[in-house]
Amino acid sequence: MTRHKWNSVIRHAVLILFSLVMVYPVIWWIGASLKTNQELSSPTLFPSVPQWSNYINGWNSVPGFTFTDFYLNTFYLITAVIIVTVISCTLVAFGFARLDFPLRGFWFSLLMLTLMLPGQVLIIPQYAMFHQFGWVNTYLPFIVPHALAGGAGGTFFVFLLVQFIRGIPRELDESAKIDGCSWFGIYWRIVMPLMKPSIVTVIIFCFLWNWDDFLGHLLYINSVDKYTVGLALRMINDSQGGAEWGQLLAMSLVSIVPATLLFVFAQKYFVEGVATTGLKG
């Protein structure tokens, strides 16, 4: 075997070894979700008798509700957040990237400075404000800030989209103006169709960040009928009066499926959006 082939074999062996190290926790997770509480302490990866009932019992573990209700709540909330985020962030980014207005550079720099502000600093004043508005125990604290290009990641999305729009030739704008197109027409008919990769990137990030936002949901949602999947996972052990770890692991495994599927099917656009944004800034 030649030296080149030996190097290739070694590289692949190292990659496979590191891949196994990375995948091992997931394999253990799958096996543990099929075990009883007594078997969880055993060194074996998979149980002698798989407890598929963990998934069924876990799905119906919250009295009066099933995880179907919590999934519907989560998808309703995230869909609303994604829609308003895409609309608001693309409009703001288009304004900064294409329109000339007084102090544009100053306002954009000020917007970027908010990225340095820790989110924990805003928790108390935001809660006090939303409580005064009567928005606690509703989804409005999540939807309204995103409708104003704010919320979790809003500033980052604006920055990402601005860099992408700056890579779109301005000659397209001039051609559209000659044909009598307004600025909104340029945004809607010219820029938006070309922003598909970056918009998909925003959708993926927005979905993942809001799907994993346990603290925000815990602060503002009090009624069980409005609970999201993350809050429902916390209730499994409480509702049973004991630690049903098999059910908890089973439901937590199911909870990552939507995010995983979204990333797998949208990976092409995600990579394209990140790559082109980085090159055209």
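The values are calculated or read from the model by the stated rules, or taken from the named source; none is laboratory data. As the structure is a prediction and not an experimental result, all values here were calculated from the model. Reconstructed Cβ throughout: ideal geometry from the backbone, glycine too, with neighbour counts over all protein chains shown. Ligands, DNA and RNA are excluded from the accessible area calculation, which covers all protein heavy atoms including side chains. Shrake-Rupley method; radii C 1.70, N 1.55, O 1.52, S 1.80 Å.
Would you mind stating whether V121 is in contact with a Cys (Cβ under 9 Å, 6 or more places away or on another chain) and in a helix (DSSP H, G or I)? For V121, the condition - in contact with a Cys (Cβ under 9 Å, 6 or more places away or on another chain) and in a helix (DSSP H, G or I) - is not met.
Of the residues examined, A32 is not one that is under 20 Å from L218 (Cβ atoms) and surrounded by 10 or more Cβ atoms within 10 Å (Cβ to Cβ). Pairing residues of the stretch 81-102 that are open to solvent by 40 Å² or more (accessible area, probe 1.4 Å) with residues that are assigned to a helix (DSSP H, G or I), at Cβ distances under 6 Å and at least 6 apart in sequence or on separate chains, gives V92/V158.
Candidates are the residues of the stretch 188-201 that are open to solvent by less than 10 Å² (accessible area, probe 1.4 Å) and part of a helix (DSSP H, G or I); the one that is modelled with the highest pLDDT is V191. In the set (1) in a helix (DSSP H, G or I); (2) closer than 16 Å to I78 by Cβ, the condition left unmet by T138 is number (1). Does the stretch 56-75 include one or more residues that are farther than 29 Å from L218 by Cβ and surrounded by 17 or more Cβ atoms within 10 Å (Cβ to Cβ)? Within the stretch 56-75 (the criterion being farther than 29 Å from L218 by Cβ and surrounded by 17 or more Cβ atoms within 10 Å (Cβ to Cβ)), the answer is no, since none of the residues qualifies. Scanning the stretch 55-79 for residues that are of a type in the set (A, V, I, L, M) and in a helix (DSSP H, G or I) yields I56, L72, L77, I78.
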